[in-house]
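Participant: To start, I am sharing the structure in question, which I have written as structure tokens.
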Amino acid sequence: MIEQTLSIIKPDAVERNLENNIKSFFEKNGLKILKSKKVKISKEEASEFYKVHQTKPFYNDLCNYLSSGPIVVMILEGENSISQNRKLMGATDPSKAIEGTLRKMYGISIDKNSVHGSDSAENAKIEIDFYFK
Ligand code: UDP
Ligand code: MG
């Protein structure tokens with residue numbers, strides 16, 4: 001099924017000028033970039049975006065981090081794009097991500113793991129609306 005998902009290039013990767021590498025990696029792997037913009041969000045916006053994690057011990061640091069510098073938000077479209085993007089990203093912890101995944105290639109640590117991707121159809125819709133509505 002052709003579907004859409006939300007991808008974010010996080011501050012650590014934008015800072016290292018990895019935007020073009022990451023975009024061409026998606027395109028080479030069957031995901032089309034329908035929309036893309038570079039933005040800097042506030043702590044309040046990051047807290048809203050990540051509110052599913054509000055009870056987690058890492059929530060505050062996570063929200064500070066996502067709002068710490070420019071990010072690139074994208075709508076990716078393709079066959080099973082939600083799971084395909086998750087596969088291309090690799091495990092949340094870069095030290096556990098398999099060879100050939102974005103987080104293995106570029107992730108620095110579990111908190112600076114370079115990319116975000118929606119984890120379900122429901123969240124993809126919510127997250128796309130969050131940045132593009
Ligand atoms: N995170 C963290 N410490 C943890 C777990 C997660 O800093 O112990 C951060 C990490 O940047 C991750 C984000 O919180 O990407 C959201 O966590 P989630 O479990 O949803 O991982 P993801 O869906 O990004 O793989
Ligand atoms: Mg997640």
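The values are calculated or read from the model by the stated rules, or taken from the named source; none is laboratory data. What you see is a predicted model, and the numbers here were worked out from it, not measured in a lab. Here the Cβ is made from the backbone with ideal geometry for all residues, glycine too, and neighbour counts use every protein chain on show. Accessible surface areas use protein heavy atoms only, side chains included; no ligands, DNA or RNA. Shrake-Rupley method; radii C 1.70, N 1.55, O 1.52, S 1.80 Å.
Participant: Can you order the peptides 93-103, 51-61, 6-16, 36-46 by their average number of other Cβ atoms within 10 Å per residue, highest first? Write down the numbers at each step before the final one.
Facilitator: Details: 93-103: 15.6, 51-61: 11.3, 6-16: 20.6, 36-46: 13.5.
Ranked from most to least packed, the peptides come out as 6-16, 93-103, 36-46, 51-61.
Participant: So, for the chain, what is the accessible surface per residue at a probe of 1.4 Å, expressed in square angstrom?
Facilitator: 54
Participant: With a sphere of radius 9 Å drawn around the Cβ of Met74, what net charge do the other residues whose Cβ falls strictly inside it have (Lys, Arg +1; Asp, Glu -1)?
Facilitator: +3
Participant: Also: What number do you get for segment 30-71 when its Cα radius of gyration is normalised by 2.2 N^0.38 Å, N = residues?
Facilitator: In units of the globular-protein estimate, segment 30-71 measures up at 1.36.
Participant: So what does log10 I(q)/I(0) come out to for the chain at q = 0.15, 0.18 Å⁻¹, using the Debye formula with one equal point on every Cα and no solvent?
Facilitator: -0.66, -0.99
Participant: Roughly speaking, to the nearest percent, how much of the chain's 1.4 Å accessible area is carbon and sulfur?
Facilitator: In the chain, the share of accessible area belonging to carbon and sulfur is 51 percent.
Participant: Then there's this: In this model, which of Lys28/Lys96; Lys37/Lys133; Lys23/Lys104; Lys10/Lys43 are farther than 20 Å apart at the alpha-carbon?
Facilitator: Flagged as over cut-off: Lys28/Lys96.
Participant: A follow-up question, please. With all protein chains present and a 1.4 Å probe, how do Tyr131, Tyr106 order by accessible area, largest first?
Facilitator: Accessible-area ranking of Tyr131, Tyr106, largest first: Tyr106, Tyr131.
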